[in-house]
Every structure is written in structure tokens, then in C-alpha cells.
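Read through the structure below, which is laid out as C-alpha cells, and then see the notes.
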Amino acid sequence: MDDLRILNAADSALVVEFGTKIDRGTSDRVLALAETLRSAGLPGVTGIVATFRSLCVNYDSLVTTGRELEGSIASLLRRAGPVSRARRRWHIPVCYDAGFAPDIEEVASSTGLRPADVVELHAATTYHVYMIGFVPGYPYMGDLPEKLHLPRRKDPRTRVPAGSVAIATSMTAVYPYESPGGWHLIGTTPVRFFDPDSAGGALLGPGDAVKFEPVTAEKFSDIRLAVERHGFVPDNEEIAA
């Protein structure tokens, strides 16, 4: 574990860094430690947040110290096994029609593809949820097909509609509610990605898998109506850890 570092973050958090690469192997290491820490129930730990290549561990400085917690984490790292928690593969309906995808023509032009090729490539990939961030419920998902890699927009929008499916660099994401954003919008899903009234809030969790499934505008409207009536849950199944 020569690439691993434990760093202080302010006066009540530690960050465990797993090297510099962003890939699924690193993500598995982050998630394995998160699972081990949650199971250990260390005194004073108040929150655990997984990111692309690191884990932030928040603690109550009246209960424990950074040095004590660092020692406990180092000990747990030596016996952290593979992720065992149940992961889920989600099938997310998306309408890629032009009226639901304001940037799809520009993305096609920039990548030398047809809009239909953009849809086919994006929907053919099963994505890995690396982390939830930016705003509650916002999933950073990889790995986008290389032919669709583009930098972020030069002119970020101040208002991106809820449900917008977006791409930038090697990632794809879904905006859970209206917010600013600088990614390219290539579709829209009627699925609610964050519900403050639900038990977990966010629909997805780090380590989950996502497959986007193209739907017509008519089907989109039917699903959105079911979502508004709290009668729709995207198809999903448990997958091996």
C-alpha cells in the first residue's frame, strides 16, 4: 500500500487517499474501507464519505483524536477485505430526442458522430457509480466510451433542468434537481434521483451500476406521471460485489 496516505482535514476529519488513479480498482478499495469502518463502529466517527480515490472520515474531537483514529484506520486497512455489501444494477429510462437533449447535436458534431451514434454509445455502456457529490444525489458515473470524451462546456448554464443526463471528460451524470452545470446535456430521465422524503435520499450509491435505456417521448411522459404519483421505481437487481 505504498500509494496510500492518511491526511488531516481541518480539525475533525481525516482523508485516506488511495493513490492518484481514478479507476474501478481504486474505487473498490475506497468502498471496501468504507464498509470496514462502518462495521467497526469506531468511537467518535460521525460520517464517512467515499470519493473517486479517497475516503473522508469525520469525527467528534471530544470523543477521539485524529492520531487515535489514524491508528485505528491503519489497523483496519490491514484486514479490509473485498466489498461485500449488496450492489444494484439500475435500468434508467432516458429520452434522447432533440427536445430532451439540448446539446446532442453539438456533441455529435464535436465528436465526429451522428446523434444516433451518441445515443447508441451512451446507452450501450454499463456505468460504475464512483461517488455522490456536487449536490445531493448527483452520481458521478464512469466510464464513458472514449469516443464521447469532451471537456466541460465553455459556457456553463446557470439552470440545468432536473433529470438532465450529461457527459463531460470520461464521466456521465444525472442532475437530480435544477442547478447550475457545465456538462453537455444529451438526454433527460423522468426518474427522481434524490427524494428528501425517502429513507436514503439518493437513489444510487457508490459501487452501484447503471444502464441507460432509450425511451420515446410518449413513454417518458407515462413514466414521469407515475413518478409524480410515487408509483414508479426503476428496474433494478442485485449484482455481485
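The values are calculated or read from the model by the stated rules, or taken from the named source; none is laboratory data. Keep in mind the model is a prediction, meaning the values are calculated, not measured. Neighbour counts are summed over all protein chains in view; Cβ atoms, including those assigned to glycine, are modelled from backbone coordinates with ideal geometry. Accessible surface is based on the protein model in full, side chains and every heavy atom, while ligands, DNA and RNA are left aside. Shrake-Rupley method; radii C 1.70, N 1.55, O 1.52, S 1.80 Å.
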Enumeration of residues in the range 167-185 that are over 15 Å from T111 (Cβ atoms) and either in a loop (DSSP other than H, G, I, E, B) or touching a helix residue (DSSP H, G or I) at 6+ places or on another chain (Cβ under 7 Å) (or both) = Y175, P176, Y177, E178, G182
Return a yes/no flag: does the range 125-148 have any residue that is more than 21 Å from the chain's Cα centre (by Cα), surrounded by 15 or more Cβ atoms within 10 Å (Cβ to Cβ), in a loop (DSSP other than H, G, I, E, B) and of a type in the set (A, V, I, L, M).
-> no
Do we have P102 as at pLDDT 95 or above, assigned to a loop (DSSP other than H, G, I, E, B) and closer than 22 Å to A173 by Cβ here?
-> yes
Out of the range 39-67, which residues are open to solvent by 30 Å² or more (accessible area, probe 1.4 Å), part of a helix (DSSP H, G or I) and touching a residue at least 12 places away in the same chain (Cβ under 8 Å)?
-> A40
Taking the range 191-241 as the region of interest, how many residues are among the small types (G, A, S), modelled with pLDDT of 90 or more and farther than 17 Å from V135 by Cβ?
-> 5
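Output the residue which, of all residues in the range 217-241 that are in contact (Cβ under 8 Å) with a residue 60 or more places away in the chain, open to solvent by 80 Å² or more (accessible area, probe 1.4 Å) and in a loop (DSSP other than H, G, I, E, B), is farthest from P161 (Cα to Cα). Give the derivation first.
Kept after step one, since they are in contact (Cβ under 8 Å) with a residue 60 or more places away in the chain, are these residues of the range 217-241: 217, 219-220, 223, 234-241.
Now restrict to residues that are open to solvent by 80 Å² or more (accessible area, probe 1.4 Å): 219, 235, 238, 240.
Okay, now just the ones that are also in a loop (DSSP other than H, G, I, E, B), so 235, 240.
Working: D235: 23, A240: 34 Å.
Selected residue: A240.
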